[in-house]
Amino acid sequence: MSKRIFVIDVALCTGCDNCQLACKDEHCGNDFPPIALHQPDIGHFWMKLDEKVCGTVPKVKVNYTPVMCNHCDNPACAAAAKNGAVYKREDGFVIIDPEKAKGQKQIVDACPYGVVYWNEELDIPQKCTGCAHLLDNGYKVPRCVEVCPTECIKFGTEEELGYLIPGSTVMKPETGCKPNVYYRNVPGQFIAGTVYDPETNDVVIGASLRLITGGKRYAGTTDDFGDFWFRDLAIGRYDLYIDAEGYETAVFKDLDTTECLNLGDIALKKAVPKKAPWD
Ligand code: SF4
Ligand code: SF4
Ligand code: SF4
């Protein structure tokens, strides 16, 4: 049987929450033995919508990332389980057996992605099942995929969706778990700001910007509002130079894009006209 994979295009995610709610609707209060027992109403997010706010007001971008079990090919959760309590099915889904996993809290800690939750009431670890109970009964896709209005989450066999894998990333590839949830269009960092003249209090339109990191250079200009954005930058150290006619060059050295940067309002100093030797 072909392995099933998920491909999530982060650029299409609007943060509507439908996937998270549909997962709860499917699994809260419903038992699907031997695949899974009911998810508690609170505290569990087998599908979790991560929200990251980048930058500061007014240069802010909110990125949403749906996070779920990666149904890994080399699952750390299975390695930590005793009695074969976690197993991988032929279709690729990694399942925690609710009978065998009773009392095995170490399965929660073993997952490097933090997607396994502990059910106090039932004394078992739980996570996304891939909605295997639905697929085993003729459904084509899991609930979270079915309800996504933007088709941000794609689900299918590796053969069907393989063409989307090049250019995708997986979470924490360094774990060696070999995830089967792929992410596309993961946004990079940004550097933004607004350039203005403090004497006139007007924005400076058309200022030219040079952003330099290692051997790479990026160019830009301020728009009609004096704003600039350098988007989708890698994490690193950058030098920024801002030039406008009649002003001194503004220089920002060693900008660190571990977080997105809003440099705020940047005042340009008027250039002092050079005197001719005979003046
Ligand atoms: S349903 Fe789709 S668009 Fe809405 S939050 Fe989930 S992945 Fe994003
Ligand atoms: S993401 Fe975690 S819980 Fe899911 S298969 Fe991989 S190691 Fe196991
Ligand atoms: S596949 Fe099913 S169990 Fe997994 S996150 Fe989606 S709805 Fe929840």
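Here, each number is a calculation from the coordinates, and none is a lab measurement. For clarity, every value in this text was computed on a predicted model and none was experimentally measured. We place every Cβ from the backbone using ideal geometry, glycine too, and count neighbours over all the protein chains shown.
Over the chain, what is the relative contact order in whole percent, taking alpha-carbon pairs under 8 Å and six or more residues apart?
Worked out over the chain, it gives 20 percent.
Excluding residues fewer than 8 places away in the same chain, name every one of the lysines whose C-alpha is closer than 25 Å to that of K59.
Within reach: K216, K253, K269.
Once you order the gyration tensor axes a ≥ b ≥ c over the Cα atoms, which shape class does segment 30-184 get: rounded for a/c under 1.5, otherwise prolate or oblate by comparing a/b with b/c?
prolate
List, in order, the whole-Hz ³J(HN,Hα) value for each residue of segment 145-154 obtained from phi through the Karplus relation with A = 6.51, B = -1.76, C = 1.60 and θ = phi - 60°; use x for Gly and Pro.
6, 4, 8, 6, x, 10, 6, 5, 9, 9
Where a Cα-Cα gap under 17 Å defines reach, which lysines qualify for K88, not counting those fewer than 8 residues away within the same chain?
K3, K100, K127, K178
Highest first, please rank the peptides 257-263, 160-166 by the mean number of other Cβ atoms sitting within 10 Å of their residues.
Peptide ranking by packing, descending: 257-263, 160-166.
In whole Hz and in residue order, list the ³J(HN,Hα) couplings for segment 259-276 that follow from phi through the Karplus curve 6.51 cos²θ - 1.76 cosθ + 1.60, θ = phi - 60°; x for Gly and Pro.
Each residue of segment 259-276 in turn: 10, 5, 10, 9, 7, x, 7, 10, 7, 8, 8, 4, 6, 7, x, 6, 8, 6 Hz.
Based on the alpha-carbon gyration tensor of the chain and its eigenvalue square roots a ≥ b ≥ c, which shape applies: rounded if a/c is under 1.5, prolate if not and a/b is larger than b/c, or oblate?
It is prolate, given that a/c is not under 1.5 and a/b is the larger ratio.
How would you rank 15-21, 248-254, highest first, on the average number of other Cβ atoms within 10 Å across their residues?
Going by the mean number of other Cβ atoms within 10 Å, highest first, we get 15-21, 248-254.
Can you give me the relative contact order of segment 119-215 as a percent, contacts being Cα pairs under 8 Å and 6 or more apart?
11
Under the Karplus relation 6.51 cos²θ - 1.76 cosθ + 1.60, θ = phi - 60°, what is the ordered set of whole-Hz ³J(HN,Hα) values for segment 114-125, x standing for Gly and Pro?
x, 9, 9, 10, 9, 9, 4, 4, 9, 6, 9, x
For segment 1-42 and segment 200-259, what is the separation of their C-alpha centers, rounded to whole Å?
If we compute the Cα centre of each part, the gap is 42 Å.
How would you classify segment 58-102 from its alpha-carbon gyration tensor, with a ≥ b ≥ c the square roots of the eigenvalues: rounded for a/c under 1.5, else prolate if a/b is greater than b/c, otherwise oblate?
Note, shape of segment 58-102 comes out prolate.
Calculate how steeply helix 18-27 sits against the longest principal axis of the alpha-carbon atoms of the chain, using the helix alpha-carbon long axis, and give the answer as 0 to 90 degrees to the nearest 10.
Helix 18-27 and the main axis of the chain meet at about 20 degrees.
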